[in-house]
Amino acid sequence: ARLKFIPDAVFTLRRDLLALFLNRLFATDGWATVLASGQSQIGYATVSERLARQVQHLLLRFGVVAALRRRMVKYRDHRREAWQIDVTEASSLRAFAREIGMFGKEEALNRVLLALDRRGVHANYDVIPPAVWARIDAARKGQSWASVGRRA
């Protein structure tokens, strides 16, 4: 499973066929859910980093921005590395639902859209570049983030 990847031919598919490919891929190891916090999420998990990065790339062709993160998951009697794609931004969730969908999980996808309609727009990505965070961290001189927040 770690060696899974998307064949080159898939990257040349027409948009409708690419959407069908992603639709069926997410039908297997993907999900659509509303978290306890009320936040909507579409996700996909795999043990193949290459596959995860390829899926993230293909989603961009539909305007779907997805975060990729490495996780450790329990498998049988040990833990192993897995890669998770998370789509949480409202316009990306709507684009995914409208243009890709998820076979067999349409009801869950509809719950995600309903939750989005009830909730205001929230950006889920930092707008401060990672390189700047080190400077910010140094400037706080050991103070807690809560303390910095109160002063701000």
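The values are calculated or read from the model by the stated rules, or taken from the named source; none is laboratory data. All of these numbers come straight from a predicted model, not from anything done at the bench. Note: ideal-geometry Cβ built from the backbone for every residue, glycine included; neighbour counts use all protein chains shown. We work out accessible area using only protein heavy atoms, side chains counted, and drop any ligands, DNA or RNA first. Shrake-Rupley method; radii C 1.70, N 1.55, O 1.52, S 1.80 Å.
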Exercise. For the range 1-36, name all the residues that are over 18 Å from the mean Cα position of the chain (by Cα), farther than 15 Å from TRP83 by Cβ and part of a loop (DSSP other than H, G, I, E, B).
Key: PRO7, LEU13, ARG14
Quiz item: Is it the case that ALA9 is surrounded by fewer than 15 Cβ atoms within 10 Å (Cβ to Cβ) and among the aliphatic types (A, V, I, L, M)?
Solution: yes
Exercise. State whether the residues of the range 37-46 include one that is farther than 16 Å from ALA82 by Cα, under 13 Å from the mean Cα position of the chain (by Cα), open to solvent by 20 Å² or more (accessible area, probe 1.4 Å) and not basic (Lys, Arg).
Key: yes
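Residues are listed down the side, and each one gets a yes or a no for (1) at pLDDT below 95; (2) within 17 Å of the chain's Cα centre (by Cα):
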| position | (1), (2) |
| --- | --- |
| LEU59 | no, yes |
| PHE62 | no, yes |
| ASP77 | yes, no |
| ARG94 | no, yes |
| ILE100 | no, yes |
| ARG119 | yes, no |
| HIS122 | yes, yes |
| ILE128 | yes, no |
| ALA131 | yes, no |
Quiz item: Which pairs have Cβ atoms under 9 Å, sit 6 or more apart or on different chains, and link a residue in the range 42-53 that is within 10 Å of LYS4 (Cβ to Cβ) to one that is β-branched (Val, Ile, Thr) and surrounded by fewer than 21 Cβ atoms within 10 Å (Cβ to Cβ)?
Solution: VAL47/VAL73; ARG50/ILE6; LEU51/ILE6
Quiz item: For the range 74-109, which residues satisfy the criterion of being in contact (Cβ under 8 Å) with a residue 12 or more places away in the chain and either in a strand (DSSP E or B) or among the acidic types (Asp, Glu) (or both)?
Solution: ARG80, GLU81, ALA82, TRP83, GLN84, ILE85, ASP86, VAL87, GLU89, GLU99
Quiz prompt | Of the criteria (1) open to solvent by less than 80 Å² (accessible area, probe 1.4 Å); (2) part of a helix (DSSP H, G or I), which one VAL64 fails | solution = (2)
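Table: residues versus (1) closer than 18 Å to LEU25 by Cα; (2) open to solvent by 20 Å² or more (accessible area, probe 1.4 Å); (3) in contact with a Cys (Cβ under 8 Å, 6 or more places away or on another chain); (4) not β-branched (Val, Ile, Thr).
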| residue | (1), (2), (3), (4) |
| --- | --- |
| VAL55 | yes, no, no, no |
| TYR75 | no, yes, no, yes |
| ARG80 | no, yes, no, yes |
| TRP83 | yes, yes, no, yes |
| ARG118 | no, yes, no, yes |
| ALA138 | no, yes, no, yes |
